[in-house]
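The structure appears right after this line, and notes come after that.
The values are calculated or read from the model by the stated rules, or taken from the named source; none is laboratory data. The structure presented is a predicted model; accordingly, all values stated were derived computationally and were not measured. Positions of Cβ are generated from backbone atoms using ideal geometry, with glycine treated the same way; all protein chains shown enter the neighbour counts.
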Amino acid sequence: MKRSILSLLAALALAGTASAYEQPKVYDLKPNERVLIIGDSTTYDGTDVAGYVRLVDQAIQEQIPDRKAAVRSQAWPGVKLVPEHPERWKPMAENESWRKVLQHPNAPTTVIYNLGLNDSKQGEANVPTYEKWVRKYVEDVRANKMNVILCTPTLWVGLTQTKSYAEAVRRVATEMKCPLIDLYAAHAAAFEQKKRLTRDGTHLNMAGEIMSASTILNAFGLKAEWKRYQLRFGAMRNNWSTGGDTKVLVEPALSDAKPDLENPKGPFPIFGALWNANWPTEQAAYAPGTKVTLKVDPASGRIFHHWADFDGLLPKDAPATLTIVMDGHKSVTLYYEAPADGKRK
């Protein structure tokens, strides 16, 4: 019997998330816990559907719903933990945006710092400064009566660049008695096993998103298991230029997304510019085994080029109308072009 392309390779995709490193439990999520992950572009991506932040939050809702805990994130692509202009840095209590958050009745109870990738571009000489600022942020979070959890950075095109930064985070965690989520160790172990967790050496593919989510869930004493599967899809012009409005039509479109994630009366309301937490209701989680069809809806002058899943599992000759069996979390991108972009190669 003919099966969908992605379904045939699902077992390989899930197997690719295994790692020799096992993150220990370091933190118990308490009733009404509100966790804020602060990060860079990998966390920004992680807030998208099927990203690691979304996967962690979904598993929490499924596994310990009675605790009414939630996870959100605030992230800035390119951001460093060490401020560009240290002289302008203000403690949270003196920062206007943070002050509004801290005064809100549903302010975060725990902050996770997942920063260091962009700092690592400064090389070994920057490590002492980076380590100093990790300490400074831990002190600031605690001064505002919130718990702090530290994450080691993941990888930047190999093991070397972020290794000393991960070691710096471990030192601060030990010295200041902070719970530690060792994302570097998890991703490094998979890298050494030649498992592909990124789409460009740094930003995570679907296997990488699952790896980061799994490591954080293990740190909370939870399982890297989900009852429903998330689907991320999008469209991009093949030559990476702007223009056009080609879309992807999805059938079945989700009508059963959880609106409580955006309910102001829920445990974690969205408020202020600090929160990057708008969970799109049309992109939630499908029941296992659901067959989802993705179809190109080209704008005028746009034509289908190819699909890509960034995990290296989907062949480039996949048809314009693609059927996916939801037997795991998925992420696929439609690439399209205009005739002026040149013929398909």
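Determine, yes or no, whether ASN106 is modelled with pLDDT under 95 and either within 24 Å of the chain's Cα centre (by Cα) or buried (at least 17 other Cβ atoms within 10 Å of the Cβ) (or both). Before you say what the answer is, go through the steps one by one.
Values: modelled with pLDDT under 95: yes; either within 24 Å of the chain's Cα centre (by Cα) or buried (at least 17 other Cβ atoms within 10 Å of the Cβ) (or both): yes.
Answer is yes for this residue.
Among the conditions (1) modelled with pLDDT under 95; (2) surrounded by fewer than 21 Cβ atoms within 10 Å (Cβ to Cβ), the only one that ARG72 does not satisfy is (2). Filtering segment 109-149 to residues that are surrounded by fewer than 17 Cβ atoms within 10 Å (Cβ to Cβ), outside any helix (DSSP H, G or I) and of a type in the set (Gly, Ala, Ser) leaves only GLY123.
Taking the conditions (1) at pLDDT below 85; (2) out of contact with any Lys or Arg (no Cβ under 8 Å at 6 or more places or on another chain); (3) not hydroxyl-bearing (Ser, Thr, Tyr) in turn, ALA235 satisfies each one other than (2). Pairs are defined by a Cβ separation below 7 Å, a sequence spacing of at least 6 or placement on different chains, a first member in segment 81-97 that is under 17 Å from MET146 (Cα atoms), and a second member that is of a type in the set (A, V, I, L, M, F, W, C) and loosely packed, with under 10 Cβ neighbours inside 10 Å; the pairs so defined are SER97/ALA273. When VAL111 is tested against (1) within 30 Å of ALA285 (Cβ to Cβ); (2) modelled with pLDDT under 95, exactly one condition is not met: (2).
Scanning segment 171-209 for residues that are surrounded by fewer than 17 Cβ atoms within 10 Å (Cβ to Cβ) and closer than 23 Å to LYS136 by Cα returns ARG171, THR174, GLU175, MET176, LYS177.
For (1) at pLDDT 90 or above; (2) in contact with a strand residue (DSSP E or B) (Cβ under 9 Å, 6 or more places away or on another chain); (3) in a helix (DSSP H, G or I), each residue gets a yes or a no:
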position: ARG3; (1), (2), (3): no, yes, no
position: SER7; (1), (2), (3): no, yes, yes
position: ALA11; (1), (2), (3): no, no, yes
position: VAL26; (1), (2), (3): yes, yes, no
position: ILE60; (1), (2), (3): yes, yes, yes
position: LYS80; (1), (2), (3): yes, no, no
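Residue count for segment 192-212 satisfying the condition of being closer than 21 Å to LEU314 by Cβ and in a helix (DSSP H, G or I): 6.
Strands (runs of 3 or more DSSP E) fully within segment 285-341 that include at least 1 residues being within 20 Å of the chain's Cα centre (by Cα) and of a type in the set (Val, Ile, Thr): 330-337. Against the list (1) touching a helix residue (DSSP H, G or I) at 6+ places or on another chain (Cβ under 9 Å); (2) on the phi > 0 side of the Ramachandran plot, the condition VAL157 fails is (1). Within segment 114-128, being farther than 29 Å from VAL71 by Cβ and of a type outside the set (A, V, I, L, M) holds for GLN122, GLY123, GLU124, ASN126, PRO128. Selection over segment 311-327 of residues that are buried (at least 20 other Cβ atoms within 10 Å of the Cβ) and of a type outside the set (A, V, I, L, M) gives a count of 1.
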